[in-house]
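Shown next, in structure tokens, is the structure this report addresses.
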Amino acid sequence: MRGTQVKGTTTTNRQLGIRFLGRDGAIVVSEAGILFPGESEVPADRIVYATWVLEKRDDAWLIAAYHNSPVKSAS
């Protein structure tokens, strides 16, 4: 991928759910995507469900694991 393909892009995440695992762990599920310059919403074929596993260390929440998969199947 050339560096210019992502220049000016932003990401968007909408939290769908959160489950705390004690005081120091959480699983967050979100709907996410990349907005290219000039876009105000992510096209349906680029929306993904993202799962984040977070852990709290030294009063800071850190990403322990991340995974995403397309919302719509490629057909």
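What follows is calculated from the coordinates using simple rules that are stated; it is not laboratory data. Model, not experiment: these values are computed from the prediction. Every residue, glycine among them, receives a Cβ derived from its backbone with ideal geometry; neighbour counts consider all protein chains shown.
Determine, for 6, 42, the number of other Cβ atoms within 10 Å of each Cβ, and report the residues in order from fewest to most.
Placing the least packed residue first, the sequence is 6, 42.
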Residues other than residue 48 with Cβ under 12 Å of its Cβ, Lys/Arg counted +1 and Asp/Glu -1, net out at +1
The extension gain from residue 67 to residue 24, computed as 0.36 nm times the residue separation minus the Cα-Cα distance, is 13.5 nm
Checked against the structure, the computed semi-axes √(5λ) of the Cα gyration tensor in Å among (1) 27, 16, 11; (2) 22, 11, 10; (3) 17, 14, 12 is the one labelled (1)
If the label point sits 7 Å along Cα→Cβ of residue 9, residues of the stretch 16-53 with amide N under 14 Å come out as 32-39, 42-43, 45-48
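Going through the chain, which GluC sites (Glu not before Pro) have at most 12 other Cβ atoms within 10 Å and a DSSP loop state?
41
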Of all trypsin sites (Lys or Arg not before Pro) in the stretch 1-47, the ones in DSSP coil with at most 16 other Cβ atoms within 10 Å are 2, 7, 23
HN-Hα couplings for the stretch 60-71 via Karplus (6.51, -1.76, 1.60; θ = phi - 60°), in whole Hz with x for Gly/Pro, come out as 10, 7, 10, 7, 8, 7, 8, 8, 9, 8, x, 6
The answer for residue 25, listing residues at least 5 apart or on another chain whose modeled amide H is closer than 5 Å to its amide H, is 56
The long-range amide H neighbours of residue 64, using H built 1.01 Å from N in the peptide plane and a cut-off of under 5 Å, are 53, 54, 55
